[in-house]
1. By residue number, which cysteines of the chain lack any other Cys whose Cβ falls under 4.7 Å from their Cβ?
2. Where in the stretch 360-380 is the amide nitrogen less than 19 Å from a point lying 7 Å along the Cα-to-Cβ axis of Phe338?
3. HN-Hα J couplings of the stretch 200-206 from phi, Karplus 6.51/-1.76/1.60, θ = phi - 60°, integer Hz, Gly and Pro as x?
4. Can you check what the net charge comes to around Leu300, using other residues whose Cβ is under 13 Å from the Cβ of Leu300 (Lys, Arg +1; Asp, Glu -1)?
5. Note down the nm distance, to one decimal, between modelled labels 7 Å out along Cα→Cβ at Asp109 and at Asp206.
6. Which is farthest toward the positive dipole end of the stretch 239-367 among Leu300, Thr264, Gln347, measuring Cα position about the Cα centre, with Cβ charges +1 (Lys, Arg) and -1 (Asp, Glu)?
7. Among 77-90, 151-164, what's the highest-first ranking by average C-beta atoms within 10 angstrom per residue?
8. Going highest first, how would you order 341-351, 166-176, 362-372, 260-270 by mean Cβ packing within 10 Å?
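What follows draws every value from the coordinates through simple rules; no lab data is involved. Computed from a predicted model, the values in this text were never measured in an experiment. Cβ atoms come from the backbone with ideal geometry, glycine included; neighbour counts cover every protein chain shown.
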Amino acid sequence: MAAINFKKITNLYFLKVINNMKKLQQAFLVALVSLFFLISCNNNPTTEQSMKKCSQTSWGTADNKPVYLFTLTNSKGDIVKISNYGGTVTSWLTADKNGKIADVVVGFDSLSGYLAKPPYFGSTIGRYGNRIAKGIFSIDTATYHLATNNGANHLHGGNKGFDKVVWDVVPTPDSLASLTLHYLSVDGEEGYPGNLDVTVVFTLSDDNTLSFDYSATTDKTTPVNLTNHSYFNLTGDITQTILNHRLQVHADKFTPVDTGLITTGVLQDVKETPFDFLQPHAIGERIASVPGGYDHNFVLNRTTADNELVATVTDAVSGRVLEVFTTEPGMQFYTGNFLDGTIKTSQGIAIQQHTALCLETQHFPDSPNKLAFPTTLLKPGEKYHTVTAYKVSVASVK
Ligand code: GLA
């Protein structure tokens, strides 16, 4: 009996020790996680500026949620501002060939500019970037009806796409020029099937590359086509048009559209058309022969699955060069055709037609209805993952 009691006591003693060790371990883990949150970009706006590559300020509220403006800074002194409202790039300050700093993207200084629903300035676009004809598509035997917000068609995710929602901020150490945003798009949102869990990581690297790393998962098969809708003007002066910018696109083909800007399903050769940018051309050179201006998807000449260089824009006056890299098969080239001076910058300057251009890397428009196009369907158990990067540099451009 005595031996059994002794054994029991010994066991109890060891159990207690193990329990205490577990508690210690838990306390250590809690302390570690708290430390991580303390040093994260979004939780510690007052850490020493010198160490900090990401800082945060409050920017108001939308949908009763706090909105922030994050500032990413690299060693070259480039500054990129991004808001968790719409996952929006609001500003990119970068030097020209004379070292003069200016903003090369169109954006506003305050949230109110974005709440007025501008045409996707700098936004993250989803669930489906570009148009879906009549907002209708089918998967197997089910037909889905999406919000129609562009005439009879669905554009850029519908009435309240990812550009108009407040994204959750995922803590990231503020020693990194990086911001991670998360959004759960619920089943049925804007008519799309399935809960889509989306994460976008924005990173500004020291070679002046702003990269977008998109990932998503779903619990029902759904189309997904995420992109960024930054409007660039490499002069840094919104009173200038982009018609003298020179563009090169590595694309032998493009996807022609009908009068409602819906792809016909044809992949047309760019040869002997104003869409031939295989060699650099001034954007304004042939724009008059493109009714309405350029607003077309290019079928990129891809050779690998990597993040490849697909387009280059140069501006001789500022010397700035913009290179576009992507893992995507397509890129919408849009010359700000619908800008008509009604929207003003925060400084009160009217934003006129062709004063900015977009290079929206993506899958082809209306893919859910064009079954010969690369599929945009994401199935449960699969992971959506694409990468796009914009790199700004300075060269003596002739
Ligand atoms: C995309 C579309 C354009 C236009 C803009 C926003 O680039 O292709 O037709 O809708 O967005 O105005």
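1. Cys358
2. 360-367
3. Couplings: 10, 10, 9, 9, 9, 9, 6 Hz.
4. -3
5. Inter-label distance under the simple model: 3.3 nm.
6. Of Leu300, Thr264, Gln347, it is Gln347.
7. Highest mean packing first, the order is 77-90, 151-164.
8. 362-372, 166-176, 260-270, 341-351
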